[in-house]
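Just so it is clear, none of the values below were taken in a lab; they were calculated from the coordinates. What you see is a predicted model; the values in this text were computed from it and never measured. All Cβ positions, even for glycine, are placed from backbone atoms using ideal geometry, and neighbour counts span all protein chains on display.
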């Protein structure tokens, strides 16, 4: 991780993470609390948050309109994570999976940004006018969270972008995705390196959505990162 003087946003400093750094951080943190599955399957993201940040249970409560989750920080790091009660009460499979995506996004803030608050940053403009009791946390709208479709375009906010970078590695760890994709991989090029069969891409998306219990849009975004079109379907290093 590198740190730069921020040119925009509420913090005086802006950390910069390469995708591979976020991948490593997430896998190491899942492993530390024994919540990295040994075979392809859903990650217990709520349990990960409880164990990794030692905050008791994740809260479900009334949040401002359009806000799906929030995270609060204290002198020792994360002290509270909450999810919208209305999302929890929806009761559909899609809503349950949106909760997982929201929790992974909040966990991303916890893993990547806690030091900004512990070091005494005062992000007074972070909440964009939202009602909030203090300056110790981040409110996350649906439009902030990757994998939660929204119609309205929004300006770039690097702290939200970075939290989204953690969603894929936390919910769809690279090694497990590769294992689950074996039926959909074919040899490509003169070297015979395995890559994703583009003709079966949507079939693979549906299969992985069920295996990892996430919404298809989350899988699509993850596969775009691991198998970018420019690589003709070969696994990104």
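Classify the stretch 13-75 from the C-alpha gyration tensor, please: rounded if a/c falls under 1.5, else prolate or oblate depending on whether a/b exceeds b/c. Mind showing how you got there, number by number?
Numbers: a/c = 1.79, a/b = 1.25, b/c = 1.44.
Oblate.
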Can you tell me the relative contact order of the stretch 174-231? Whole percent, Cα pairs under 8 Å, sequence separation 6 or more.
26
Label-point gap, in nm, between residue 18 and residue 210 - each point 7 angstrom along Cα→Cβ
3.8
Order the peptides 78-85, 91-98, 105-112 from the highest to the lowest mean number of other Cβ atoms within 10 Å of their residues.
105-112, 78-85, 91-98
Any idea how far apart residue 94 and residue 186 come out in nm if each label point goes 7 Å out from Cα toward Cβ?
3.2
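What order, most packed first, do the peptides 216-226, 13-23 have when packing is the mean number of other Cβ atoms within 10 Å of each residue?
Details: 216-226: 19.5, 13-23: 15.7.
Result, highest mean first: 216-226, 13-23.
If packing is taken as the average count of other Cβ atoms within 10 Å, what order do 160-170, 205-215 fall into, highest mean first?
Details: 160-170: 23.6, 205-215: 18.5.
The densest-packed peptide leads the list: 160-170, 205-215.
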